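J.: Below is a structure I'd like to ask you about.
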């Protein structure tokens, strides 16, 4: 009886739910692909364990009681206590395991959700393909890529129906090879969507065998439409660049500047900020920079211009190119070191066969391409333009010379008067000297004084003749740092007699700061004289009895000096204002219309500009009469200014 009781009690405990009842495994349907998160049914293991545990405990306790002679009722009670304790421990263990499985299930669900979101972001779907049964499992993103509803069962026929007709044979062959060879595969093809648009996809799959021996593929489907579009656009851009590079009528050369970039990085790491100063202290570094730049490619025009052939450019240094003008290369390097992306300058370059050509040199720093610093150099042959400009300057110089000679003709009386004054003084002093010598006792002191006066007057006459000769000569322009006010004073010597004979008062207001300019003295005198004579003739033509001219120089700013010539003549009519500096335009009856255009060419050659305006209000020093103001500007010379050489010195 006690034994049967104990047995019934054990059965009751085993059936009372102390052992874990297994739940139905959780099922997550992820748009076509069924993913099961399951755990073991622990109840089938709990019941036998309790039976065995109870049987062993009962046997051991019964045997112990038999040996010790203990009453069976007492031993049954002890056994009951043991069974209860063991059951509680088993229940606690099962509860902990159940909680762990629930947490794992939650984590698994999150992983599935994260995977789905990641597939959406990357436009990559997943699939499974059981080769034997033909069954397909697709993720939600795979359905989206194929533009199908998730409720439709995926199949190989569905894939083929979506495939572009031009890619259909390739897809079938790939599927047949995968079925027969059972090797990993990868292919790209196009899909035709419901709206008729084209989608490019890439499919990759890896084969594997299941526990039951069935072979299947696990793979990914990637939407590469955007990549294909970008790649196509990149190819088109590259093709456009190649066409432009090869067919442009400009010499284009591509340079590898990676070694130069390394040099500049090293300089910056050493704290060097001014590359010009570094060049001054390390003259050989300029050649190092030349050698650090090598040609990669040249277009047809560059080969025609510089020679060398297509293969002759690859890897060749730029040092030979800059033999004629290394200063241009230095400025280009300083520009690059400052971080500027472009540089342009007219210069001279040496071809592979030793010719020196005038070019417009332009460089653009493209930046890193495939870890290489690329520079694009464009050169335009401007030799013909330079020759034309030189010829134009010669013509302008000839016109300016003719204008000066013509102007001297108009000032013949004034020049004769200026020369006659020192000559008359020389004659007077000579006569006086003779009288002092003819005295019974010659006064040698007076004779010496008269001779000194004669020498002074001789120098005056020589200076006047030199100025006239300078105005009439055809010599090349010579730039020098000079005072514009001194030039004006010398020009007024030519005009003094002319102004007095016409009753014109001329007033010179020099610059208080005595700014200097870089220019040709003769040409600047020509501008002043021309503007003053124009003012005199305008006032005479208008019948002004008391003409007045004011010449003023003043610094417009720290870099510019302005000179103005104002008169109280008839002014400038509105219809003539825009044509004053046109060639052959004149308002004078006997004028040629070349004076003002020549003045403009001279001023612009000196880096300035010239203009005119009417004076509608009372101008300072001119009274209430109307008049005109002609003004021109010149750059103020800096302490480092020096006369340029070569064609830049030509006016």
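The values are calculated or read from the model by the stated rules, or taken from the named source; none is laboratory data. Just so we're clear, the structure is a prediction, and the values are computed from it rather than from any experiment. Virtual Cβ from ideal backbone geometry, glycine too; neighbours counted across all protein chains shown.
J.: Taking residue 320, is it at negative phi, modelled with pLDDT under 85, touching a strand residue (DSSP E or B) at 6+ places or on another chain (Cβ under 7 Å) and not in a loop (DSSP other than H, G, I, E, B)?
T.: Here the answer is yes, as residue 320 does meet what is asked.
J.: Does residue 103 fit the bill of being at negative phi and modelled with pLDDT of 80 or more?
T.: Judged against the criteria, residue 103 is a match.
J.: Being in a loop (DSSP other than H, G, I, E, B), under 46 Å from the mean Cα position of the chain (by Cα) and modelled with pLDDT of 75 or more: is that true of residue 633 here?
T.: no
J.: I would also like to ask the following. Would you confirm whether or not region 540-554 contains a residue that is within 48 Å of the chain's Cα centre (by Cα), more than 25 Å from residue 572 (Cβ to Cβ) and modelled with pLDDT of 85 or more?
T.: Within region 540-554 (the criterion being within 48 Å of the chain's Cα centre (by Cα), more than 25 Å from residue 572 (Cβ to Cβ) and modelled with pLDDT of 85 or more), the answer is no, since none of the residues qualifies.
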